[in-house]
Structure formats: structure tokens, C-alpha cells
Amino acid sequence: MNGFNRRRVLRGMLNGGAVSVALPFLNCFLNGNGTALASGEPMPTRFGTWSWGLGMTEKVFVPKKTGANYDLPEEIASLKPVQNHINLFTNANAFRDNYDNLCHYTGWVILRTGSAPKDGNDIPGETIDVTIANQIGGANRFKSLTATATTEVRSTHSYQNSTTPNLPDVTPLDFYTRLFGPEFPDPNAKDFTPDPRIMVRKSVLSGVMDDTRGLMRKVGAEDKARLDQYFTGLRQLEQQFNQRLTKPEPIAACQPNDGPKEVLPPGRETEVLAARHRIMTELMVMAVACDQTRVFNMHYTTRAGDATKAGYEKPHHTATHEEPIDDVLGYQPTVSWFTRRAMEAWATYVQAYANIQEGDGTLLDNVLIYATTDHGYARIHSLDGMPMFTAGRAGGRMKTGLHVDMGATTGVRLGYTALRTMGVDTPSWGTKSNATSKEVGEILV
């Protein structure tokens, strides 16, 4: 058709030599069925997510008071040092819309995509971090970063679609090397030498752009839209290359250390998990402070909650099914013990951002972190009464220190609020019972 085939490439010239970039699949290639800072600019606002497994125990987790200065029941008592930096959301629902409740899956997918999955392989839309990264992450060295304390490469809640996960960094040493190894452009270094490999990559992209105008005139409307999306991706790559080829503005908060010195054993024992989470947190915080990324994800435990406790023979998940309710306490004490460790990790994560001075405030003042889990009441793996958090003031757009009762409405409202706060101009988010155009107004400035 019009002289095009799947082998068609964009062509251009670079220093007297030919360069080419392959095209994506277009309708005209397919069959009828489609089968075949110092500059004075304001501090950037960043977006992150955090997750833990297996929800909570309502009896000892949900405060009796809403609004400011809310009480901290036993299961969240460790949040006291960061209470004024966070918001707690309770009584939120994840509506499965006639699909099965896929344990450890349906809940987090709804809160991260706005839609219920039809099966355990379905991610019904890009996750919230991907949407926001497309809005704010294109010009940084890393469009987004994902890390986990579990050492499990499948521990990710970040997806482009069902078949394209954003896989996490799983060890502190590998994460450090990726962030601050030989390719790290130190913004506070006296000298700056552009990476010649980046120069070549940028030149190749620039060399083919002249070939795009004629191509756009020769394809149909759907292909024009597809090409526009494709070229948008190329332009984002060029922006990232430009950033890598320009001497960074000095950043006082960017002070990476010499890398992890602690060698941790493998496994999911809670003390080791907490130590690994702490190290990965320190690395992630410094990556954000050094403006290596503006979108980031951290996982404390797997969504099925497989952390273990020294001296206890069953992992967290098994305990939720098998541990009896204590006659005096009225809940499962070991299950609650695991949740308390998760809340300690959340407090550690939030405090790490608050510890970094940035401008006349802290790094936490300029981030919004969205924290979710996979279930509500851990014992019955419910999708109602799901707890969520936010941390940070999002550059002054967000209030903190509040407990908000979501009134049994969809938890997707909080994700929608985050999208709007981060500049994603969408009139609604989610589908079917989870669709919403209503922000959580209590937390907005």
C-alpha cells in the first residue's frame, strides 16, 4: 500500500552516513482483521507509590476519630512520628463488577488501574504510576523506577499493560549500581563530560525526524494517531538524551554515599526484610533527590504477604487463614504483628523523604506518595474496608495529617485525586462501579 511494508523505516542522514529507525505496526501493514533549580525554576513535584500485603485488622487499625489529630490504634501506633506527614483513608471499597475476587490480585489492580480484572492475567489498563510518568517523567534519566524489598522480580504493581510489567530492582547492590554507577551524571561534580554513547543515540533519533512529515501525509487517520503516539515516545527519548547531555544544575540534597556495605542473607524473615527495605529506601530517596526520576515505586512485601517471623512456623499469609482469633484480644495476634511491622516500614519510608532538606523545606514537601494494599480485613481477604495512605504535600497542593472515612465509596477516588494533583487532565478515572469523577476534597488545598 502506497509503497509501504513492515520493513519500511524512517531514514535520515547523520554526519554523512545513513541512519534508520524502524516503524511500529500500522494498519496499512496488517490484514483486514488486524491480526497479521538553580535556574530559579520551582521545585519539581514527584509521584511515588508504596505497597504492603494483606491489609489490616479493623479492630486495631481503624481510628475512631476522623480529621486531624486522630487516634492511633495499636496496629498503626508506629505512625506517630510521621502522622502529620501522611493521610490515612479507611472504609474504601474495591468493586469487582461481577468478576471473581481474585485473592491478592483484584484489590490492588483496581486501586492502581481503576478497573476490576477479569482474571489473574488481566491488567485492564496502565497503572497510575505509568500514566503520571507519561505526564511528568519524560525528561529525566529514568522515566520511572521500581524497587522491592522482597528480592522477588515479580513484585511489581507497575504495568504498561497485561504483558508489559515494569520489573523492579531486587537487590541493594544492583540498585545502587544502576543509580550511582559509572553512568551517573553527578549534578555537583566540578567537571561534566557528555557520554558519547548518548550523543550517538540522540543523533540517530534527530537524523530520522525529517522523514516523518511525508509519512504522516500518506497514512490513514488511525495510523496517524498511532504514529503520533510513537513519535511522542521518540520525542520523550530525545528529551531524556538532552538531559543526559546537559550539565545538571547543582542539587544540594544530592549526596549519594559509597553504596551498600551491609550484606543481607536471602529470605523473607521480617527483620531481614525490614533491613533490605531500609537500604532500598535510602537509595530510592537519593535517586529522587538527585532528580534521576520523578516517578517511583517501592514494595515492602509481596501482595500475598509471605513474610516470616522468627520462631513462628507459618508465613503471614498462612497465618491469616489458620491462626485462631484470641479470645481476650478479639483478633489474630500474629497476623496483627505482621501488619505492625509493615506500618513500621511505611513510617521509615515516609521519614526518609522528610529527612532530606530541599530548598526551604524537605523532599517530602515536594512529593506525593500513594500507598495501597491488596485486601481490607486480612482474615477474610475482603475487598471492602480497604485502607490506603498518602504522604507528602505535593508541592503545596495537598493537606496532610488527616484521617478520611471514604464512606464505602470506591477507593479509586484517591487515585483519581492523585492523577489530578499531578497534572493529568482527565474528567474521570476508572470503569463501571469504580468509575469516578469525584476527588477526595478533604485533602486538597
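FYI, it's all coordinate maths here, none of it is from the lab. Quick caveat, the model's predicted, so the values are computed rather than measured. Positions of Cβ are backbone-derived with ideal geometry, glycine not excepted, and every protein chain shown enters the neighbour counts.
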Would you mind putting 417-429, 273-285, 319-331 in packing order, based on average other-beta-carbon counts within 10 Å, highest first?
273-285, 417-429, 319-331
With the Cα gyration tensor of region 63-172 giving a ≥ b ≥ c as the square roots of its eigenvalues, does the rule (a/c under 1.5 for rounded; else a/b larger than b/c for prolate; else oblate) give rounded, prolate or oblate?
oblate
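Which shape class, rounded, prolate or oblate, goes with region 260-380 when its Cα gyration tensor gives a ≥ b ≥ c as root eigenvalues, a/c under 1.5 marks rounded, and past that a/b bigger than b/c marks prolate? Mind showing how you got there, number by number?
Values: a/c = 2.69, a/b = 1.90, b/c = 1.42.
Since a/c reaches 1.5 and a/b is larger than b/c, the shape of region 260-380 is classed as prolate.
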Net charge near Thr177 (other residues with Cβ under 13 Å of its Cβ; Lys, Arg +1; Asp, Glu -1) is -3
5 angstrom amide H check on Ser158, placed H, neighbours 5+ away
Asn166
Kirkwood Rh and Cα Rg combined as Rg over Rh, evaluated for region 349-444
1.00
Considering amide H positions built from the backbone, and no H for Pro or chain starts, which residues 5 or more places from Val367, or on another chain, come under 5 Å of its amide H?
Arg46, Arg393, Ala394, Gly395
